[in-house]
Amino acid sequence: NAGVTQTPKFQVLKTGQSMTLQCAQDMNHNSMYWYRQDPGMGLRLIYYSASEGTTDKGEVPNGYNVSRLNKREFSLRLESAAPSQTSVYFCASSEKGFNQPQHFGDGTRLSIL
Amino acid sequence: AQSVTQPDIHITVSEGASLELRCNYSYGATPYLFWYVQSPGQGLQLLLKYFSGDTLVQGIKGFEAEFKRSQSSFNLRKPSVHWSDAAEYFCAALPADSWGKLQFGAGTQVVVTP
C-alpha cells in the first residue's frame, strides 16, 4: 500500500545547483500534481499532468520544469535552485476526472542555501 | 479573486471538547470543496468532500462538515476531540471551471490539550 512515493525526503542544495524530485504512484491514477507548501500559504500548485503525455502550468511554475515519464512517474526539476525555492514539495495523484480527490505523498523538504 | 480563507491560524482545544474549524470561499459559482488533514511530517489525507446534494457531509475519523451557500462556508466539526486529532487542517476548493487545480486555504493548526 505505498500510494504516492516521493524521493528524497530531505535535501540541502546550494544556490545555483540543480536537482530533480521524484514521484511515483502505484494506484494506476491518470493525473499527477506537484505542489509547494510554505508557512501561512497552504499548498500552491506548481505543475500538473492530466494524463500521460501532457503537462500544464499551475499557480507558481516559474523556476521549475516537469516530466511525466510514464503513467506512474512525474518528476519536478529545479534547474538553478534559488533560496526562494526553499519549501516542502508534495506530489499528488488522482483518478481521471477533474473533481477526483487527490492522494498525497509524504513530501520532500528542500533547503537552498 | 478566487480564494479560500481559513480565519483561524491556530486553535487550542481540550481533549473531549468539540471542535469547529472555519472555511470560507470566494468564487463565482459554488466550487467542489474538500477538507484535508496533515499530521507532522506527513502528506495530506482527505477527510471529506462536498460536490452537491446533502449539505451535511460525513467523513473519516468522526469528522463532518456543513456547506452553507448563503454564508459561502464549509466548516469542519468534530463532537469530541482526541489527542490524535492534533494536526494541521486544510480547506480546499476546486472551481468548476478549473481542471484539477485545487486551491488551498492557509491551514489551521489544532493543538489538543489533556
Peptide-level mean, for A:99-107, of C-beta atoms on other protein chains within 10 Å
6
Straight-distance crosslink candidates among lysines, where the alpha carbon sits under 27 Å from B:Lys101 and sequence neighbours closer than 8 are dropped:
A:Lys9, A:Lys57, A:Lys71, A:Lys96, B:Lys49, B:Lys61, B:Lys68
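Would you mind estimating how fast chain B diffuses translationally, via Stokes-Einstein at 37 °C and 0.692 mPa s with the Kirkwood radius over Cα pairs, in µm²/s? Walk me through the numbers before you get to the answer.
Working: Rh = 14.2 Å.
Using the Kirkwood radius from Cα pairs, D works out to 232 µm²/s.
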Buried accessible area between A and B (1.4 Å probe, both chains summed, ligands and nucleic acids excluded), in Å² to the nearest 100?
1800 Å²
Partner aspartates and glutamates whose C-alpha sits under 14 Å from that of A:Lys14, ignoring same-chain residues fewer than 8 away, are A:Glu79
Using the C-alpha atoms of chain A, what convex hull volume per residue, in cubic angstrom, is computed?
93 Å³
Multiply the residue separation of A:Ser18 and A:Ala82 by 0.36 nm, subtract the distance between their alpha-carbon atoms, and state the gained length in nm to one decimal.
22.1 nm
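What's the average, rounded to a whole number, of partner chain beta-carbon atoms within 10 Å of each residue's beta-carbon in A:84-96?
Values: counts 0, 0, 0, 0, 2, 0, 3, 1, 4, 0, 2, 0, 1.
Across the residues of A:84-96, the mean count of other-chain Cβ atoms within 10 Å is 1.
The values are calculated or read from the model by the stated rules, or taken from the named source; none is laboratory data. Given the structure is predicted, the values throughout are model-derived calculations rather than measurements. We place every Cβ from the backbone using ideal geometry, glycine too, and count neighbours over all the protein chains shown. For the accessible areas, the whole protein counts, side chains as well, though only heavy atoms, and no ligand, DNA or RNA atoms are used. Shrake-Rupley method; radii C 1.70, N 1.55, O 1.52, S 1.80 Å.
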